[in-house]
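Okay, structure first, notes after.
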Amino acid sequence: MEKDLPFWVAFNVFTGIGPMRFKVLLDYFGSAKKAYEAPEEIWQKIGLPANLTTNFLVFRKKFNPQKFLEQIKQKKITILTLKDKNYPELLSKITDAPPVLYIKGDLWPEDNIAIGVVGTRKISTYGREVTEILVRDLVANGLTIVSGLARGVDSLAHQTAIEAGGRTIAVLGCGVDLCYPPENHGLYEQIIQRGAVVSEVPPGQYVARGIFPARNRIISGLSLGILVTEGAEDSGSLISARDAANQGREVFAVPGPITSYLSAAPSILIKNGAKLVYNVSDILEELKIENRKKKIESRKIIPENPDEEKILKILSEGQAHIDNLVRISGMETSKVSSLLTMMEMKGKVKNLGNMTYTIAR
């Protein structure tokens, strides 16, 4: 797969071959490399539009896949393909899953228990209040919050998740090395530390017209369901809700004042069968969150080195203060402190407060 990766990326960069056409090429040639390097006459025989073939042949002469891949790696961007075992499980199940996903930050197994939160860019006082309440309660119940980093509901959902100590994923309509809108750069950096920024758009590419509907399918694809807290009749959140329904995911909507035009989108969704949300229990029950959490919790946490093994063995007996971890492990305080910080970032241990730790579940 390592030898094939530059060519997955090359097809992702080339405009005109989306997820479905790329699948056709993979099935026909057997690998991205063989498809990319196939002679012109073969390309002309496989049934793609003539102008697309011509454009691709021109692109191929100018583009250097290996060089572009190296540039991405230099920016510390992770690349996952549909064949990668770490590719998000939920997203892999949609029919038009992105063949290539670019990531800044980290995706964890726990992120499979996620919900997309979307809505208006012109958020009202009511919309702000219900979004904050529901996101805080969702985080408290172990859900990762997925949204699009847009102004309004999206940004508030990300920020609230971070402030509540939870994880959040931002799906961009541009390269992950760019931040849009630019005023969210501080939030963008926080998300990378407390979750991930992801995109199917190649690094370095700015927002293009028409990209947001495609972006929305990834938000719903990464989520068990979509929650719309507030939006007008023409809100883009309706596209996310439609994508979620088409993907077999749940759709949730918060009713609002009938005097507000921003109640239109949730009202439309509820009329069409979306689950009305009064409080977080409405979401948790519908998604059977407790059952899903038990499945995640049952996974075995694997130590990466002997020092991690010592800490996990001690914590397997129950929670412990850092002083006890130092005493029992026989390691220096500074080393244990550094080790706990790294293990917490990896999701292996959890700080319960006052420097008391437990195994993360």
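3J(HN,Hα) couplings calculated from phi for the stretch 188-200 with the Karplus curve 6.51 cos²θ - 1.76 cosθ + 1.60 (θ = phi - 60°) are, in sequence order, 3, 5, 5, 5, 4, 7, 10, x, 7, 10, 10, 6, 8 Hz; Gly and Pro show x.
By a straight-distance test (C-alpha under 22 Å), which lysines pair with Lys275 as possible cross-link partners, with residues fewer than eight away in the same chain excluded? Of all the lysines, those that pass the test against Lys275 - Cα under 22 Å, at least 8 places apart if same chain - are Lys288, Lys293.
Can you give the percent of C-alpha pairs in the chain whose distance is more than 38 Å?
Value for the chain: 26 percent of Cα pairs lie more than 38 Å apart.
Here the Karplus curve 6.51 cos²θ - 1.76 cosθ + 1.60, taken at θ = phi - 60°, turns the phi angles of the stretch 49-58 into couplings of x, 4, 5, 5, 4, 4, 4, 5, 5, 5 Hz, with x standing for Gly and Pro.
Want the number for Thr54 to Lys3: 0.36 nm per residue separation, take away the alpha-carbon distance, what's left?
Numbers: separation 51, 0.36 × 51 = 18.36 nm, distance 2.54 nm.
Stretched fully, the Thr54-Lys3 segment lengthens by 15.8 nm.
In terms of packing, defined here as the mean over residues of other Cβ atoms within 10 angstrom, the peptides 44-54, 245-255, 323-333, 111-121 line up highest first as 111-121, 245-255, 323-333, 44-54.
Note on Glu332/Ile359: beta-carbon distance plugged into 1/(1 + (r/R0)^6) with R0 of 22 Å gives a FRET efficiency of 0.50.
Residue-wise HN-Hα couplings along the stretch 349-357, as the Karplus relation 6.51 cos²θ - 1.76 cosθ + 1.60 with θ = phi - 60° gives them from phi, are 10, 10, 7, 7, x, 6, 6, 9, 10 Hz; Gly and Pro carry x. Taking every alpha-carbon pair under 8 Å whose residues sit at least 6 apart, the chain reaches a relative contact order of 13 percent. Comparing Phe29, Ile301, Thr160 along the charge dipole axis of the chain, the residue lying farthest to the positive side is Phe29, per the Cβ-charge model.
Residue separation times 0.36 nm, minus the C-alpha to C-alpha distance between Leu312 and Glu290: what's the value? Let's see the in-between values first.
Numbers: separation 22, 0.36 × 22 = 7.92 nm, distance 2.47 nm.
Difference between extended and current length: 5.5 nm.
Modelled spin labels at Arg128 and Ser260, positioned 7 Å past Cα toward Cβ, are 1.1 nm from each other. Straight-line reach from Lys310: taking Cα to Cα under 14 Å and skipping same-chain neighbours fewer than 8 places apart, the aspartates and glutamates in range are Glu332. Rounded to the nearest 5, what is the percent of antiparallel bridges among the DSSP beta bridges in the chain? Restricted to the chain, the bridges split so that about 40 percent are antiparallel.
What length, rounded to one decimal in nm, is gained on full extension from Thr341 through to Gln44, with 0.36 nm per residue of separation minus their alpha-carbon distance?
Details: separation 297, 0.36 × 297 = 106.92 nm, distance 5.56 nm.
Going from the current span to full extension adds 101.4 nm.
Evaluated with a Cβ-only charge set (Lys, Arg +1; Asp, Glu -1), the stretch 59-169 carries a dipole of roughly 900 debye about its Cα centre, given to the nearest 20. Projected label points at Met20 and Ile301, each 7 Å from Cα along the beta carbon direction, are separated by 4.5 nanometres. Here is how the number arises for the chain: DSSP H runs of 4 or more residues each give -39500 (n - 2.57), the sum is divided by the residue count, and the result at 222 nm is -14000 deg cm²/dmol. A straight Cα-to-Cα reach below 25 Å connects Lys76 with the lysines Lys3, Lys33, Lys62, Lys67, Lys85, Lys104, Lys346, Lys348, residues fewer than 8 places away in its own chain not being considered.
Just so you know, all these numbers are worked out from the coordinates, no wet-lab data involved. No experiment lies behind these values; they were computed from the predicted model shown. Here Cβ is always computed from backbone atoms with ideal geometry, including for glycine, and neighbour counts include all displayed protein chains.
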